[in-house]
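Before any comments, here is the structure.
The values are calculated or read from the model by the stated rules, or taken from the named source; none is laboratory data. Just so it is clear, the structure is predicted and the values come from calculations on it, not from any experiment. Glycine also receives a Cβ, built like all others from the backbone with ideal geometry; neighbour counts cover every protein chain displayed. The area values use the complete protein model at the heavy-atom level, side chains included, leaving out ligands, DNA and RNA. Shrake-Rupley method; radii C 1.70, N 1.55, O 1.52, S 1.80 Å.
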Amino acid sequence: MPLPYISEAPLFTGINVTDFFERFKDMATDCGLPDDRKVRRVQKYCEFGIAQRIQDLDSYEEKDWKGLMKEMKTIYKDGDIDQPRYTRVYLIILAYKARGEKKVDLYIR
């Protein structure tokens, strides 16, 4: 497992939490870390303020890996491009952006 803050290591800065967790999970699984050790190690791959926030979460204290991921995705959802993707709201906004509201309404009629 690469050491924190080197070029190959993932670093969470508050943006794209889903991508960070996918990369971290792959790296930790390749190294054979169990879930409780993933919980303890993940904060080392985050900026200082985020690491402090992780340590305050209930799932961190309980060593609940899935719970920690869920809490983090909820907290940092605004800076994540993967979470809203392919939801109905996202696709509607995308359709209106691509064609403009008037053209979509005309098409619907």
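Remarks
- Scanning the stretch 62-97 for residues that are touching a residue at least 24 places away in the same chain (Cβ under 8 Å) and open to solvent by less than 50 Å² (accessible area, probe 1.4 Å) returns 65, 68, 69, 72, 76, 79, 80.
- Note on the stretch 1-31: among residues that are polar (S, T, N, Q) and within 18 Å of the chain's Cα centre (by Cα), the one that is least open to solvent (accessible area, probe 1.4 Å) is 18.
- Residues located in the stretch 32-61, provided they are exposed (fewer than 12 other Cβ atoms within 10 Å of the Cβ) and not in a helix (DSSP H, G or I): 32, 34, 56
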